[in-house]
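> Take this structure, written in structure tokens, and hold onto it; I'll ask about it next.
Nothing in this text is a laboratory measurement; each read-out follows from the coordinates by a stated rule. Computed from a predicted structure; not experimentally measured. Glycine gets a Cβ as well: all are built from the backbone with ideal geometry, and neighbour counts include every protein chain shown.
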Amino acid sequence: MTDTTTEPYVRYAVDAGFATVTLDSPHNRNAISPKLVTELSAALADAAADDTVRGIVLTHAGNTFCAGADLSAASNPDPAVAADERTRAMIDLLRGIVEHPKPVIALIDGHVRAGGMGIVAACDLVVAGPASTFALTEVRIGVAPFMISLTLLPRLDPRAASRYYLTGEKFDAATAVDIGLVTIAADDPVAAVAGLRAELGKASPVGLAEAKRLANAAMVAGFDSDAEELARRSALFFGTDEAIEGITAFLQKRPPRWAI
């Protein structure tokens, strides 16, 4: 399915030294579509090029930060080809956040699913409000969290990674802090982000860039060593019978045939 809407899916604004990047396609729960990825990548590039921007706040409109891949697009007649294109675009986006020269703060007060989890893990600091819920739901539709593992596995406690990769179950902001996905769980996430902005405002731009490079060096090395293999496996997997069944069942709002 090709999205021909002219309305932006990503909003960009700069105020008091910070760029606010807002995912704003609530009609599909901010799903990872080609349009959203293109616009988000452009916003990140704009922030990188602006010397007045000290950091980025990545947030969302509506009750969902990101629902993961746009599965309506994934169900086209050649799913493997489409998946390869999406997978490589997603890897580029995740790497762009991880290697961005400025710190990225995720401000979440809504649902995060599947590929959205990879975006959250790519961010340097994450604040989650009381309406936040998280889940890695890939196994329930016959796939696996291939490329988002590049950002998730370096963050998550190994036992927690096994549990949530395998079960697809939902967890809250407090659990997300405990397992390493989220920095702060806050009743007032906007105030918590304001506090982080104030702290980052005391730091030099070059110091922030170098500190981020140090903190993310191991994650970047994982992209260098594993991204191509994960992209290949992900693209191939979307053409399998189970993946086609799982995505079809999801779109038809019915259990997949393997569910017991």
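> Could you please report the charge total around residue 139, scoring K, R as +1 and D, E as -1 over all other residues with beta-carbon less than 14 angstrom from its beta-carbon?
0
> Return a single number: how many Lys pairs in the chain, at a sequence separation of 8 or more or on separate chains, have alpha-carbon atoms below 22 angstrom apart.
Taking the chain as the scope, the lysine pair count is 4.
> Can you tell me the orientation of helix 34-49 relative to the chain, as the angle in degrees between its alpha-carbon axis and the longest Cα principal axis, to the nearest 10?
Result, in degrees: 20.
> Contact order normalised by length for the chain, with contacts defined as Cα pairs under 8 Å and 6 or more residues apart; what percent is it?
Details: 482 pairs, mean separation 51.4, N = 260.
Relative contact order for the chain comes out at 20 percent.
> Ok, one more. Within a 10 angstrom radius of the beta carbon, how do 60, 100 rank from fewest other beta carbons to most?
Values: 60 24, 100 21.
Fewest-to-most Cβ neighbours within 10 Å comes out as 100, 60.
> Hey, can you grab everything whose amide H is under 5 Å from the amide H of residue 60? Only 5+ residues off in sequence or another chain; H modelled, so Pro and N-termini drop out.
23
> For region 218-232, take each phi angle, set θ = phi - 60°, evaluate the Karplus expression 6.51 cos²θ - 1.76 cosθ + 1.60, and give the result in whole Hz per residue in order, putting x for glycine and proline.
5, 5, 4, 4, x, 4, 4, 8, 10, 4, 5, 5, 5, 4, 5
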